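Data block below; observations after.
Read the figures in this text as sums done on the coordinates, not as results from a lab. Here the structure is a predicted model, which means the values were calculated and not measured. Neighbour counts run over all protein chains shown; Cβ positions are idealised from the backbone, glycine included.
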Amino acid sequence: MKKLLQSLFILLFIASSAIAQDRTITGTVTASEDGLPLPGVSVKVKGATGGTTTGADGKYSLRVGSQATALEFSYIGFLSQTKSIGGSNVVNIQLKSDSKTLSDVVVTGYTTQSKKDVTGSIASISGEKLKNVPVQSFEQALAGKAAGVNIIQPNGVLNNPPVFRVRGFNSISLSSYPLIIVDGIPVFTGDQSANSAAGNALGDINPSDIESIDILKDAASSAIYGSRAANGVVVITTKKGKQGVTKINYEGWIGSTKAQNLTPLLNAAEYVQIKNEARTNIGLAPAFFLQTRSDGSQVETNWYDYAYRTATSQNHALNFSGANEKTSYYVSIGYSNQEGFIQGNSFERKNGRVNLDHKLFKNVTIGTNFSYSNTLNRAPNTGSLPGQTFSTVGLGRLAIVLPPNVAAYNEDGSYNMNGSAVGLGANTIASNYPNAAVLVNEDRNTSESDRLIANAYASIQIVKGLTFKTTYGIDNLKIDNNSFVNRLQGDGVSYNGGATSNYVKNSRWNWSNTLNYSNTFGDHSLGALIGAEDQYTKSDGYGATRQNVIDPFIKVYQGAFGIITPAGLVQGNNAFRSYFGSLNYDYKKRYYLSGSFRRDGYSGLSSGNKYGNFGGASAGWAISEENFYKNSGISKVLTRVKIRGSYGEVGNINIGNYPSLFLYSPGLYGGDAALSFSQAGNPDLQWETSKKADVGINLEFLGGRFSLDVDYYHNNIDNLVQNAPQAPSKGVPGNAITTNIGKMYNKGFEFTLNSRNIDKENFSWSTIFTFSTLKNEVTALGNNNADVFGATSLETANITRVGYPIGSIYTVQTAGVDPATGERIFINRFGEKLRFSFQRATAARYQYLEGPNAGANAPAIDASLDAVINGPSIPKWFGGLDNNFRYKDFDLTIGLTFSGGNKLYYGSLAGLRDQRFWNNEKDVLNRWTTPGQVTDIPRLVYGDNTSNGSAFAQSQNVFSGNFLKVRNLALGYTLPKNLLSKYGVSNIRVYAQSSNLWIISNYPGPDPEVSVNGNSTATGNSGNLAPGVDRNSVPSGRTFTFGINVGF
């Protein structure tokens, strides 16, 4: 018995000693960015199994043994950390967000995939890069952010859609704009306005709501979208709530914008001197004179002041978000009111969004993404949208041609007018252009949209790894367009003023059903997807134009007018039915295979051609996962190496609703109802196809501190849609039938470098550099490879020719000015130099400059036959460089973009040197005046519209498109958290920012980033056939903003 008691005592002593050595560690885990608690963080003893997780308040409690020395904390989206226990029983820690992990998941089309597992070519941009940037639509902020993606803002008109190209131009006559997917919904894009108030459909989406943008560039990535993927696919994912307590964020800024780099013009005295000199040079009497007011002051009008202003803008975004084990929510509202530097130009957007995800049952999740926006665009006729270039009422043109010696207002405050033109002043020759002040004050253009983009889904996990998902989405876009033109000046004079009202309703629904399987079997990972999708789009529009104003005080459509005619009538629909699938496989995260397929049916094609098959495949090899590489010395420096390649075929279906049908339009013949033949259909018409190949390599150095992605791509495009000429005797509308004929290709290299140059506690510096090359060549055209000319309204400065890039700059060569006579020297197609004088009789205006026929009359220049290709209008290289610095609580961002290798046609320069009654640029003061003088400005001859390029495009107006631009410069300060926490505020950041701060370029115009034809596909102003043209356009703007971001 005694021995038994001794044994029990010994065991009790040992147990009590062990218990005494165990202890309980408690603490709180918070996020370092905002100090908020993090629920669900894994906490365990280093080197041991098991552990615990933090609660909703971020707190944890863990019993540890005597041997425990440190705890490990891990949480999705945050860097894992280890912290020593020491002698304390309380261990608190702040986790840093892992931005690299957050951006490692990309949306590849109906599914997501780890970026390291992707074998296609995808560029990803975080929504954080877009917020606080003073733009109307998100794509304006993408310039320089992604390799292979070129963004050109045509001019400074607010909400004018930028030229958006993924790996070049992918069509001659169809749209080259990429397919835009928002939360799984293919949305409407392009300018939806019917008047001068540009209405980019993507301006309805608040950039602050965007979580990420994934741009699918090659066929392996985009083939899942089939016939709509030739131009690339842009997948936008909006924000969702993240686990934790409710977070409230406010982002706001105010700003100021001014027109930049305005061309210096002649003042009143210089204008009078130049115009009278042009007249006296040919024996005409002076006709231009300075005007003196009754108070003795001289009229000196700067017409820029009537076209442009210093504009102010404001933008506000407020969101609430959070999540628990079952429900995730994100709710936002936004308001943006931006003034343009153009008089009367503004953009106003009100928007709201609700994103909800809820785990209904263990295996069932439902959710919705719901957004509404109201956007109001206002603008005068700027003459800067596609098709407006030579408008006589375009504000961009009026600002540079109106005479500076004529006032906008008479001394009594009334408008200075002479019939339908600006007043004469002291001149004896009329200007013929309207008074810009009248148009700005009296005309109106508005385009207002109401838009609902929404979807609802249900996701059911059938068995582990197998999920069925059904999603129904809508995009309902209603546009109300209204314009008024006054009866005093401009376009409305001939019919005594008028108003046009037009209402369009665009509606689209999309229903997709997918079955997705994902599982891992040992070293093998497999993902498979099959699905079916239907989409239906319908457009209906009606409107009318009313003319002959009866009540001059009413400037709306509802006023009293004498005439009414239908206008803006729209009716059309189309439908898709699609079946698709994809397969992803990898072995040990070392060898990768992927493939996708889609069968698309389109209602607009004939019965035998409605369906087409598209697909792509890719493969990858992570060499760095091989044992031989891991054991090599280079693996310590070059830590990841992955090579990949892809090939596939996708399509372009932007061919309209009924291209295969013969159509007739209703109308009146006299007073009787009639039908007119309006379209000759082509039942053999099919989609354009793009065969895309891509080879790439991904490199990571020093554990991801530096990374380099390199791609080579080659895209063969065939079945290009063109208008095949028909004999006039056939009676075919437009003497053409739309046909698949023509080929071209794009190829180039892409480089993306990410670098964390310095990453210290108090100082960090990171860099993102993108660089892309592009070579485009047309290899076949219709009508026996006949040239296709690219017109910008009345001017043709582009040509598409086999063996050259699409839309190459095409002008008549000039060789300066003859020092002996001051006459412009032209070079004809035979290489002969001809001098030109507008003063001589028409038959004698061109004369041979040299050779045996020197001084003899020569055949006139033929702009179509004598012109030559000056170079590509499409940039051969482009990219961006972003540097981000942080010192303690200060941050600095410098964003540069660059582009070059192309030519621009500065058509405005022809007008700025035109010797009619127009005002001129300051350089005209360097005109030729005496024999032997060397200059590029010819002797002035009144009425001369040929020597400087107004009559036809000339090479002296062609310039390099190379530029380097400081796109964005921002300096911010984040207030210390210890000052904010007692007020319930997690963070406050204030900042100052400038956009378009500085341009380095030899281009003499306001901005070398210009293209007045934009994304238009119209024959007379095609952005594909006539890119790189700057003609009578308003400039771009420079913006300064001050903002604040607050988190609660």
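Considering only the other residues whose Cβ falls under 12 Å of the Cβ of residue 768, what net charge follows from Lys and Arg at +1 and Asp and Glu at -1?
Once all neighbours under 12 Å are counted, the net charge is +1.
With 10 angstrom as the radius, rank 709, 914 by how many other C-beta atoms surround their C-beta, starting from the fewest.
Result, fewest neighbours first: 709, 914.
If packing is taken as the average count of other Cβ atoms within 10 Å, what order do 732-740, 176-184 fall into, highest mean first?
The packing order, highest mean first, is 176-184, 732-740.
Given a cut-off of under 8 Å on Cα pairs at least six residues apart, what relative contact order in percent is computed for the stretch 667-765?
28 percent
Can you put 43, 234 in order, fewest other beta carbons within 10 Å first?
The most exposed by this proxy come first: 43, 234.
Can you compute 3J(HN,Hα) from phi for each residue in the stretch 659-667, using the Karplus curve 6.51 cos²θ - 1.76 cosθ + 1.60 with θ = phi - 60°, rounded to whole Hz and x for Gly and Pro?
Running phi through 6.51 cos²θ - 1.76 cosθ + 1.60 with θ = phi - 60° gives x, 8, 9, 8, 10, 10, 10, x, x Hz.
Please give me, ordered by residue number, the chymotrypsin sites (Phe, Trp or Tyr not before Pro) of the stretch 741-834 that lie in loop per DSSP and have at most 16 other Cβ atoms within 10 Å.
In loop regions of the stretch 741-834 (DSSP not H, G, I, E or B), the sparsely surrounded chymotrypsin sites (Phe, Trp or Tyr not before Pro) are 830.
Mind listing the long-range amide H neighbours of residue 998? Cut-off is under 5 Å, sequence gap 5 or more, other chains count too, H placed in the peptide plane at 1.01 Å from N.
966
5 Å is the cut-off here: which amide hydrogens, built 1.01 Å from N in the peptide plane, fall below it relative to residue 876, excluding neighbours closer than 5 in sequence?
900, 901, 902
Counting only helical runs of four or more DSSP H residues, what would the 222 nm mean residue ellipticity of the chain come to if each run contributes -39,500 (n - 2.57) and the total is spread over all its residues?
Per the formula, -2000 deg cm²/dmol.
Report the FRET efficiency, 1/(1 + (r/R0)^6), for residue 839 and residue 669, where r is their Cβ-Cβ distance and R0 is 35 Å, rounded to 0.05.
Using R0 = 35 Å, I get an efficiency of 0.10.
Ranking 714, 358 by Cβ neighbours within 10 Å, fewest first, what do you get?
With the fewest neighbours first, 714, 358 line up as 358, 714.
Please report the net charge: other residues with Cβ closer than 12 Å to the Cβ of residue 875, K and R +1, D and E -1.
Summing Lys and Arg as +1 and Asp and Glu as -1 gives +3.
Got a sec to turn the phi values of the stretch 220-225 into Karplus ³J(HN,Hα) couplings, 6.51 cos²θ - 1.76 cosθ + 1.60 with θ = phi - 60°, whole Hz, x for Gly and Pro?
Per-residue couplings from phi come out as 4, 7, 9, 4, 5, 9 Hz.
Could you give P(r) for the stretch 21-97, binned at 5 Å from zero, as whole percent values over all Cα-Cα pairs?
4, 17, 32, 26, 14, 6, 1, 0
Between residue 779 and residue 983, what is the spin-label point distance in nm, taking each point 7 Å from the Cα along the Cα→C-beta axis?
Going by the 7 Å Cα→Cβ label model, 6.5 nm.
Can you list the lysines whose alpha carbon is less than 17 Å from that of residue 691, not counting same-chain residues fewer than 8 positions off?
217, 743, 747, 775
Angle, helix 2-21 long axis vs. longest principal axis of the chain, Cα atoms, 0 to 90°, nearest 10?
20 degrees
Which cross-chain or sequence-distant (5 or more) residues have an amide H under 5 Å from the amide H of residue 420, H modelled 1.01 Å from N in plane?
none
Assign unit charges at the C-beta atoms only (+1 for Lys and Arg, -1 for Asp and Glu), then state the dipole size of the stretch 21-97 relative to its Cα centre in Debye, rounded to the nearest 20.
Dipole about the Cα centre, nearest 20: 220 debye.
Relative contact order of the chain, please, whole-number percent, based on alpha carbon pairs below 8 angstrom and at least 6 residues apart.
In percent, rounded to a whole number, it is 11.
Between the helical axis of 268-280 and the dominant principal axis of the chain, each derived from Cα atoms, what acute angle in degrees is found, rounded to the nearest 10?
40 degrees
Highest first, please rank the peptides 545-553, 834-842 by the mean number of other Cβ atoms sitting within 10 Å of their residues.
Going by the mean number of other Cβ atoms within 10 Å, highest first, we get 834-842, 545-553.
Could you give the length gained by full extension between residue 857 and residue 337, i.e. 0.36 nm per residue of separation minus their alpha carbon distance, to one decimal place?
That works out to 181.1 nm of additional length.
Of 606, 596, 566, which is farthest on the positive side of the dipole of the stretch 544-613, counting Cα position, with +1 on Lys and Arg Cβ, -1 on Asp and Glu Cβ, and the Cα centre as origin?
596
Going by average Cβ neighbours within 10 Å, how do the peptides 667-675, 922-930, 461-469, 384-392 rank, with the highest at the top?
Descending mean neighbour count gives 384-392, 922-930, 461-469, 667-675.
Report, in debye and to the nearest 20, how large the dipole of the chain comes out about its Cα centre when Lys and Arg carry +1 and Asp and Glu carry -1 on their Cβ.
Here the chain has a charge dipole of around 3280 debye.
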